[in-house]
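Student: Let me begin by handing over the structure; questions about it come next.
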């Protein structure tokens with residue numbers, strides 16, 4: 001497993017908020033596939049969830065390198081970009097991860113997909129981190 005590069009502490013609060021992450025994966029022909037996803041962060045690794053056998057799941061099984069971009073909706077000049085690898089894919093059998101993301105993003109405790117829908121939790125190891133806060137917005 002690669003050694004994770006730390007994400008600056010000043011950006012931990014952004015990662016705790018219900019903001020979307022743009023996830024970039026690479027198709028077999030070299031085309032970039034971008035997907036907005038819900039995510040969470042444990043202080044080291046970034047996690048997201050998807051339906052099993054969706055395009056991003058199939059791509060990541062073949063090519064685990066990903067890039068991420070998270071923009072601060074309150075300060076358009078503040079962003080975090082991460083390049084890394086998906087180092088683990090775990091079946092979210094009881095939907096614990098999907099439910100945690102649903103609580104973070106929707107404020108409800110249970111993910112609403114049909115029970116037969118299989119979910120996967122992806123663990124991303126940050127290998128290269130770029131962060132910027134080009135200006136602070138005026139106080140409200």
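The values are calculated or read from the model by the stated rules, or taken from the named source; none is laboratory data. Quick caveat: nothing in here was measured; it's all calculated off a predicted structure. Quick reminder, even Gly has a Cβ in these numbers, built from the backbone with ideal geometry, and neighbours come from all protein chains shown.
Student: What do you reckon, is residue 77 surrounded by fewer than 16 Cβ atoms within 10 Å (Cβ to Cβ), out of contact with any helix residue (DSSP H, G or I) (no Cβ under 7 Å at 6 or more places or on another chain), over 22 Å from residue 104 (Cα atoms) and touching a residue at least 12 places away in the same chain (Cβ under 8 Å)?
Tutor: It is true that residue 77 is surrounded by fewer than 16 Cβ atoms within 10 Å (Cβ to Cβ), out of contact with any helix residue (DSSP H, G or I) (no Cβ under 7 Å at 6 or more places or on another chain), over 22 Å from residue 104 (Cα atoms) and touching a residue at least 12 places away in the same chain (Cβ under 8 Å).
Student: Could you tell me whether any residue of segment 26-39 is more than 18 Å from residue 95 (Cβ to Cβ), in a loop (DSSP other than H, G, I, E, B), touching a strand residue (DSSP E or B) at 6+ places or on another chain (Cβ under 7 Å) and in contact (Cβ under 8 Å) with a residue 12 or more places away in the chain?
Tutor: Checked against the condition, which is being more than 18 Å from residue 95 (Cβ to Cβ), in a loop (DSSP other than H, G, I, E, B), touching a strand residue (DSSP E or B) at 6+ places or on another chain (Cβ under 7 Å) and in contact (Cβ under 8 Å) with a residue 12 or more places away in the chain, segment 26-39 yields at least one hit.
Student: Only one of 69, 101 is within 14 Å of the chain's Cα centre (by Cα), within 24 Å of residue 11 (Cα to Cα) and part of a strand (DSSP E or B); which?
Tutor: From the options 69, 101, the qualifying one is 69.
Student: Can we say residue 11 is surrounded by 15 or more Cβ atoms within 10 Å (Cβ to Cβ), in contact with a helix residue (DSSP H, G or I) (Cβ under 9 Å, 6 or more places away or on another chain) and touching a residue at least 40 places away in the same chain (Cβ under 8 Å)?
Tutor: It is false that residue 11 is surrounded by 15 or more Cβ atoms within 10 Å (Cβ to Cβ), in contact with a helix residue (DSSP H, G or I) (Cβ under 9 Å, 6 or more places away or on another chain) and touching a residue at least 40 places away in the same chain (Cβ under 8 Å).
Student: Could I ask something else about it? Please go through (1) at pLDDT below 95; (2) under 11 Å from the mean Cα position of the chain (by Cα) for residue 53 and return the number of the only condition it doesn't satisfy.
Tutor: It fails just one condition, (2).
Student: Go through segment 92-127 and count every residue that is closer than 19 Å to residue 20 by Cβ and surrounded by fewer than 16 Cβ atoms within 10 Å (Cβ to Cβ).
Tutor: So the count comes out to 8.
Student: Could you tell me which residue of segment 84-95 is nearest to residue 69 (Cα to Cα), considering only residues that are out of contact with any helix residue (DSSP H, G or I) (no Cβ under 9 Å at 6 or more places or on another chain) and at pLDDT 95 or above?
Tutor: Filtering segment 84-95 for residues that are out of contact with any helix residue (DSSP H, G or I) (no Cβ under 9 Å at 6 or more places or on another chain) and at pLDDT 95 or above, the one nearest to residue 69 (Cα to Cα) comes out as 84.
Student: Restricting to segment 46-66, what's the tally of residues that are part of a loop (DSSP other than H, G, I, E, B), within 24 Å of residue 94 (Cβ to Cβ) and in contact with a strand residue (DSSP E or B) (Cβ under 6 Å, 6 or more places away or on another chain)?
Tutor: 1
Student: Next question. So which of 43, 84 is buried (at least 17 other Cβ atoms within 10 Å of the Cβ), outside any helix (DSSP H, G or I) and in contact (Cβ under 8 Å) with a residue 24 or more places away in the chain?
Tutor: After applying the criteria, what remains is 84.
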